[in-house]
Structures are given as C-alpha cells and as structure tokens.
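Read through the structure below, which is laid out as structure tokens, and then see the notes.
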Amino acid sequence: MNIGEKIKELRKKNGLTQEQLADRLRISYQAVSKWETGAACPDLSLIAPLTKIFNVSADELLGINDTEPDARYEELKKEFDLTFATEDFVKRQEICETAVKEYPGDMKWLSNLAWTVSNRSFEYKDNEKYAAEQEKAIKLFDTVIKNTADEYLRGNAIDGITQLLGWRGRKDEARQYADMLPERSVRTRDSVMENVLEGDELIRFKQNRINEHFEGMLWDLSLMPNENYSDLIRSLVQVMIPDGNYLEYNHSLYYSDRRAVNHAIKTGENTESILALLEEMKRYAKEYDKILFDAPGIYKFTVPHLSMIEEDAREWIGNQGTRMSDDFKEFLQDKQFDFLRGSKTFQNLTL
C-alpha cells in the first residue's frame, strides 16, 4: 500500500472528505485527490500534520511497519528460512541484500544481512577481505541499533556488534554498545515459570533448560581464542551423555575433533593420535547422517536427566544440505594430510 492509498484509507476511516482534509491542511482538494490517485505525493512538511489529523505514527502513515507483509515479503522470508536447511550462506546473503533493497527501512532484514555478512567473513582467508566484511557487518548492526524500536532486534544487534568489535580488538567501543542493553529484570522468565509448572511439565522444563545451558557452554568453549578445548568438550559430552546416544551432539563432537586434528598437525603430535581423532570424526559423521538424512524423525535422549527431551531431526539446521560424511571426505583432501596418504588406516577412512 503506497502513501496515497494509506491517506485515502485513513481519511475515510476518520469520516473526512477530500475537501475537509484539504481545509485542515490548508491546501487544495485537488492536491489530496492527486495523492490518492498516485499522481503526486505529499510534501514532507505535511507528514507531521497528517499524523496528528489521523492520530497515527509516521511509520504507519508511510507503511514502514506494515503488519500484513505482502506476498513478495513472505516469499523472501520462506527462501531465507530454507537456507538454514541447506546451509547455503551465499544464497542467504543474496536474499538478504534483495530484501533490504526492496524493503528499505525494514530493520529485521537489515539485521539478517548483518548476521549473514558477519558469519561469512570467516570464510575469507584473505585478511583484507575478512576485515572489510567484518567492518561492513559492524556498520549494518550499528544502523539497526540506531533505528529500531524493537528491543529484541536491538539486543540481537548489540550482541552481534560487540562480538565483532571484540574480535577486532576494539574493546572500548564494544563496551559502549554493551552499556546500551537494558538492565536484567530482577525476576527472570525462568524463575516465574518454575512457580507455575508442576509434575512432568516442570521436569521437562528443567531438562530443556539444562540442555540449553550445556549447548551454550560447548559453543562458548568452541569459540575460545588461542586454545584448543576439544579434549574438554569431548570429556564434557561423554560425562553428560555417558551412554553414547549423543543425537545432535554428534555435530559438536565432529567439529571439536576437526579442530583438534588441525591443532595436532600444527603442534607435531604423533600419527597415531591424529588417525585416532580422524576415526572418531568418521563415527560421529556417520551417526549424525543416520539421524539427519537416513531416518529423520523424533528422537529422545536415553540418559535419565535428559529423558523427557524430544529432538526432531527434521528441524535440525542443514537437513537439506551436505551430509557430514561428505564433508569429512572433503576434509581429508586437504594438503595437510599428504604425509598420511600412505597409511592403510588413512586410506580406509576415505572409503
């Protein structure tokens, strides 16, 4: 809906004729008629008076926060959501850039673009390109922070910009943005929910919270700079899930071992240790693929403290993308493994 159509809708809603609206604005009724037919647009100086006459915000008058996204908007959103199943980050960025152009001022799309650019920056081995893309993401996040009234989007953008500024070594700037976050409420949602739930609902709630905290801890460990925490991650998962029914944690273990392999080669560890890690990676990849691609559905943990959690593999990220086993085979093609290619154990890994 363009601004002329919106003015016509609001004029009729308020019981005004074109002449009456023109009189209030001290302009000709022909001018109002031209707005409503799309032949002309109101002068910027008339936006504020129009919002007062109709008792609406400028955003509503201009259609910036339209609560009924058009079909094109929904189409872009559907395509964007699909990239989480395919893990096609290039396509995700293309969609975001298209949406930002077609829906200028939509801070949600701008936030999506900022996160995509930020995440993709790590793909670039060229330091200049890597830095340039992170600076681009920083500017995008800053724009969202300055132009959104949505507290969730604002907090999400502050999270993104502080991460990037921290990685860029600009801690003072990061703290300035961090200070923009609202103070944490004395009563959290979790503490309130514990007051209203009981029985199995309460147990399921607590188990889900334990699982979320555990996922967060593993994620933070995987991002710790300058250290290899793969052994710790593996130990924590094995303690948390001693029966080996790891489900989605196969993903964490696979990439933790991948980092451990890279670290082992750089530090000159013995061949047996490296091959053992690669064999572990292959097992985790096969188990993950079996759940995600071969028999996707509802799965449950079998350890007592997580037994009420249901995992729907059909909703896991990457469920229409590359199999982890194929990722593993591609990983083995890296030049860093040339010294292992004569090993029978290594050759069996490629099968």
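The values are calculated or read from the model by the stated rules, or taken from the named source; none is laboratory data. This structure is a prediction, so every number in the text was calculated from the model and none was measured. Please note: Cβ atoms are built from the backbone with ideal geometry, for glycine as well, and neighbour counts cover all protein chains shown.
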Hits in segment 57-83 (condition: surrounded by 14 or more Cβ atoms within 10 Å (Cβ to Cβ), of a type outside the set (S, T, N, Q), farther than 17 Å from Met107 by Cα and modelled with pLDDT of 90 or more): Glu79, Leu82
Which numbered condition Phe339 misses (of (1) at pLDDT 95 or above; (2) in a helix (DSSP H, G or I)): (1)
Sole residue being in contact with a Phe, Trp or Tyr (Cβ under 6 Å, 6 or more places away or on another chain) and acidic (Asp, Glu), chosen from Glu9, Glu60, Glu19, Glu36: Glu19
Residues (under 25 Å from the mean Cα position of the chain (by Cα) and surrounded by fewer than 19 Cβ atoms within 10 Å (Cβ to Cβ)) located in segment 235-250: Glu248
Out of Tyr299, Tyr288, Tyr284, sole residue that is in contact with a helix residue (DSSP H, G or I) (Cβ under 7 Å, 6 or more places away or on another chain), at negative phi and not in a helix (DSSP H, G or I): Tyr299
Flag for Glu201 being assigned to a helix (DSSP H, G or I) and either modelled with pLDDT under 85 or over 30 Å from Glu311 (Cα atoms) (or both): no
Set Lys129, Lys125: member being assigned to a loop (DSSP other than H, G, I, E, B), more than 14 Å from the chain's Cα centre (by Cα) and either modelled with pLDDT under 95 or not assigned by TED's automatic domain parsing to the domain that holds Leu76 (or both): Lys125
